[in-house]
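S.K.: Below is the structure I would like to discuss, written out as structure tokens.
The values are calculated or read from the model by the stated rules, or taken from the named source; none is laboratory data. Fair warning: this is a prediction, and the values are worked out from it, not measured in the lab. Glycine gets a Cβ as well: all are built from the backbone with ideal geometry, and neighbour counts include every protein chain shown.
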Amino acid sequence: MGVSIAIGALLAWLNFRWMVAGVDRLLAKSSSQGKSAGTTMLKYLFRLLLIFIVLFAMIHFSFLSPIGALLGLSIFVLSGMLEAILLLIQRRA
């Protein structure tokens with residue numbers, strides 16, 4: 001299960017890095033760089049397709065735990081929620 005969580009976390013990290021790059025490209029002046037919004041959208045769809053393919057392979061071939069992969073994918077969200085809760089607790093104390 002640990003490997004599944006690690007793979008899910010790696011996919012989440014790659015997704016985040018690619019998302020940051022895509023948003024930066026969209027916010028930059030597309031006329032000066034010569035890149036269109038269509039190219040950025042294709043990269044976004046490729047990112048989602050990659051995640052779905054990995055999850056499908058994990059479920060179909062049963063070589064790793066899909067629950068672990070979903071936990072890994074949500075690790076950044078869970079850590080952000082934990083940080084917010086800890087900050088709220090510290091403010092009240």
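S.K.: Out of the residues in the range 22-39 that are farther than 19 Å from Leu49 by Cβ and polar (S, T, N, Q), which is modelled with the highest pLDDT?
M.R.: By that ranking, first place goes to Ser36.
Yes/no per residue for (1) touching a residue at least 60 places away in the same chain (Cβ under 8 Å); (2) under 18 Å from Val20 (Cβ atoms); (3) in contact with a Leu (Cβ under 7 Å, 6 or more places away or on another chain):
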position	(1), (2), (3)
Thr39	no, yes, no
Ile53	no, no, no
Ile59	no, no, no
Ser62	no, no, no
Gly68	yes, no, no
Phe76	yes, yes, no
Gly80	no, yes, no
Ile85	no, no, no
Ile89	no, no, no
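Residue-by-condition table, conditions (1) at negative phi; (2) β-branched (Val, Ile, Thr); (3) at pLDDT 80 or above:
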| position | (1), (2), (3) |
| --- | --- |
| Arg17 | yes, no, yes |
| Val20 | yes, yes, yes |
| Met41 | yes, no, no |
| Phe61 | yes, no, yes |
